[in-house]
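Read the figures in this text as sums done on the coordinates, not as results from a lab. Source: prediction; values computed, not measured. Cβ atoms come from the backbone with ideal geometry, glycine included; neighbour counts cover every protein chain shown.
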Amino acid sequence: MPQLLLFRLLSGTGASASLAVGASMIGDVFQKEERGLPVALVSMGPVLGSCLGPIVGGFIADYSTWRWAFYATSIASGSFLVLCATMSRESYAPVLLQRKKQKAVKEHIREKEGTELIWKTPYEKEDETLGQRYRRTLFRSLYFLCTQPIVQALACYYGYLYGIVYLLLSSFSNLWKDQYHSKLSIGTLNYIAPCIGYLFGAAVCAFLTDRVYRFQVAKNNGVGKPEFRLPMMVPASLLVPIGLLWFGWSAEYKAHWIIPDFGIALPLMGATIVFQCVSAYLLDTFPVYAASANGAVYILRGLTGFGFPLFSPEMYSSLGYGWGNSVLALVALVVGCPIPFILWKYGERFRARSSYADQAK
């Protein structure tokens, strides 16, 4: 068990980099009016994996050995790592500008026979060592989480929804085993329902987010604002409590299996829309520091994704699926629904007070 926990820690540490950097790369290579579909596609990987993994794992557990659960994930991770290493290119503006400066300086020295030229990019810090740079960038996410109201609000809501997602998914197999007495491999097929919820949520964002953004820009005389990413969050924040109530009470009364499947798809659809709106909003608000802003959100999301499944067995044992999910729905309603309205009204003021927000690339 200590060995398993240690290597799970290492794998989670390595995988966290792609979460923070992946969404932020969208801001490097796409215009604001074009980010809806790319953000949806990038966000689909982690959320779909949480649903497809139990399906694959269930069949591996029934028809093979536990070792293949590790072999399969290792083979997939290694393949994608090779693919990314061979096809990915640097897209971060400060790094590209630094490389351009170094090339220009070398050409100048060659042409002017060794005369020195001092150029600096806007992102360089005077007399900063490599260690100081690492400390500054590593702690920037924590600084954002402690000082930026926009990040704090979105991190709380994102973290709560992510915790709910993992709570539902971690207890989903027990529902079919204990309440419906299904075989493990057959019961895991119900994870297709959360996958469908994720896919519908991603599709809605992919095809509507940019349209809503362009519509709001046109109403604002052609001037874009990060707050124009928020309207999609309003219906999505209502889907979460509605779906939780539907799923909880249908599971409590052991309704036909398709009823709780429909129920669990709704909150995950709403959560997917919220996740993608949050990523797009942070990309627009902190264009240069998007990775740090997303990293701040992911710090809280990682803690809730770890913590919420720990109390789900006790909660469902004490309250049942009906009242347990009713409590989750009430908190989601109270925490989540006001946030898009608050940021719509006060977001511009928060950005004006921040030295990191709205800096052009």
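A cysteine counts as unpartnered when no other cysteine's C-beta lies under 4.7 Å of its own; in the chain this applies to 84, 146, 156, 205, 277, 337.
Grab the DSSP H runs of the chain that are 4 residues or longer, score each as -39,500 (n - 2.57), total them, divide by all residues and round the 222 nm result to the nearest 500 deg cm²/dmol. Mind showing how you got there, number by number?
Values: 12 runs with 283 residues, N = 361.
Value at 222 nm, helices only, nearest 500: -27500 deg cm²/dmol.
For the chain, the Kirkwood estimate of hydrodynamic radius, built from reciprocal distances between every pair of different alpha carbons, is 22.3 Å. Packing, taken as the mean count of other beta carbons within 10 Å per residue, orders the peptides 98-106, 316-324 from highest to lowest as 316-324, 98-106.
Take peptides 80-91, 51-62, 212-223, 266-277 and line them up by average Cβ neighbours within 10 Å, highest first, as a rough protection proxy.
Numbers: 80-91: 9.7, 51-62: 17.6, 212-223: 13.1, 266-277: 27.5.
Taking the mean over residues of other Cβ atoms within 10 Å, the ranking is 266-277, 51-62, 212-223, 80-91.
Considering only Cα atoms, the convex hull volume of region 218-317 works out to 105 Å³ per residue. Most tightly packed first, judged by the mean number of other beta-carbon atoms within 10 Å of their residues, the peptides 37-49, 174-186, 138-150 read 37-49, 138-150, 174-186.
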